[in-house]
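See below for the structure under consideration.
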Amino acid sequence: MAFNSHMIGALGEARAAAGRGEVPVGAVIVGPSGEVVAKAGNRTRELNDPTAHAEMLAIRAACAALGQERLSGHDLYVTLEPCPMCAAAIGFARIRRLYYGAADPKSGGVGQGPAVFSHPQCHHVPEIYDGIGETESAALLRQFFLERRGA
């Protein structure tokens, strides 16, 4: 299925992020015809930018490539549940569908924590599909943090 192939792309971005010493999160934005419009992995350390999450970078790149501030009709695939900042940006960008892999009980903002899309102040709620590529996404994160802790 197409959503699996796009999550594979997001996992590739996550692996590349890990190779750069970043938390392994990757994102892919797909247009209405199924074409990849943008992809990114975390770059917070590399760019010294706390907002340089994979989702934020992919949204910025897609908007720049298309010359518009909204991504209506576009889908976002990301390996980890978006944090509250990224969830808000997803809403502001008017992303049509959000597919994510692993849940993030500590920092998530969609199904966990503040559940950004359930607030009445939220102007746009994408269709949400969780658990896509969850096993691979969670394993990548677990391995990354095990290596950092010296286990």
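The values are calculated or read from the model by the stated rules, or taken from the named source; none is laboratory data. All values reported here derive from a predicted model rather than from experimental measurement. Here the Cβ is made from the backbone with ideal geometry for all residues, glycine too, and neighbour counts use every protein chain on show. When the accessible area is computed, the model is the full protein with side chains, heavy atoms only, and any ligands, DNA or RNA have been set aside. Shrake-Rupley method; radii C 1.70, N 1.55, O 1.52, S 1.80 Å.
Yes/no per residue for (1) modelled with pLDDT of 95 or more; (2) within 15 Å of Leu98 (Cβ to Cβ); (3) in contact with a helix residue (DSSP H, G or I) (Cβ under 7 Å, 6 or more places away or on another chain):
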site: Ala14; (1), (2), (3): yes, no, yes
site: Ala18; (1), (2), (3): yes, no, yes
site: Ile29; (1), (2), (3): yes, yes, yes
site: Pro32; (1), (2), (3): yes, no, no
site: Gly41; (1), (2), (3): yes, no, yes
site: Arg45; (1), (2), (3): yes, no, no
site: Arg60; (1), (2), (3): yes, no, no
site: His74; (1), (2), (3): yes, yes, yes
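In region 10-22, which residue that is open to solvent by less than 30 Å² (accessible area, probe 1.4 Å) and in a helix (DSSP H, G or I) is farthest from Ala38 (Cα to Cα)?
Checked region 10-22; the qualifying residue farthest from Ala38 (Cα to Cα) is Ala18.
Per this entry, Asp130 is not counted among residues that are closer than 12 Å to Ile29 by Cα and among the charged types (D, E, K, R).
Scanning region 101-115 for residues that are over 21 Å from Thr135 (Cβ atoms) and loosely packed, with under 15 Cβ neighbours inside 10 Å gives Pro114, Ala115. Among the residues of region 127-151 satisfying the criterion of being of a type in the set (A, V, I, L, M, F, W, C) and without any contact (Cβ under 8 Å) to a residue 40 or more places away in the chain, which is least open to solvent (accessible area, probe 1.4 Å)? Out of the qualifying residues, it is Ala138.
Go through region 28-37 and give me each residue that's farther than 19 Å from Ala18 by Cα and part of a strand (DSSP E or B).
Ile29, Val30, Val36, Val37 - these are the residues of region 28-37 that are farther than 19 Å from Ala18 by Cα and part of a strand (DSSP E or B).
Candidates are the residues of region 44-100 that are among the polar types (S, T, N, Q), farther than 14 Å from Glu127 by Cα and in a loop (DSSP other than H, G, I, E, B); the one that is most open to solvent (accessible area, probe 1.4 Å) is Asn48.
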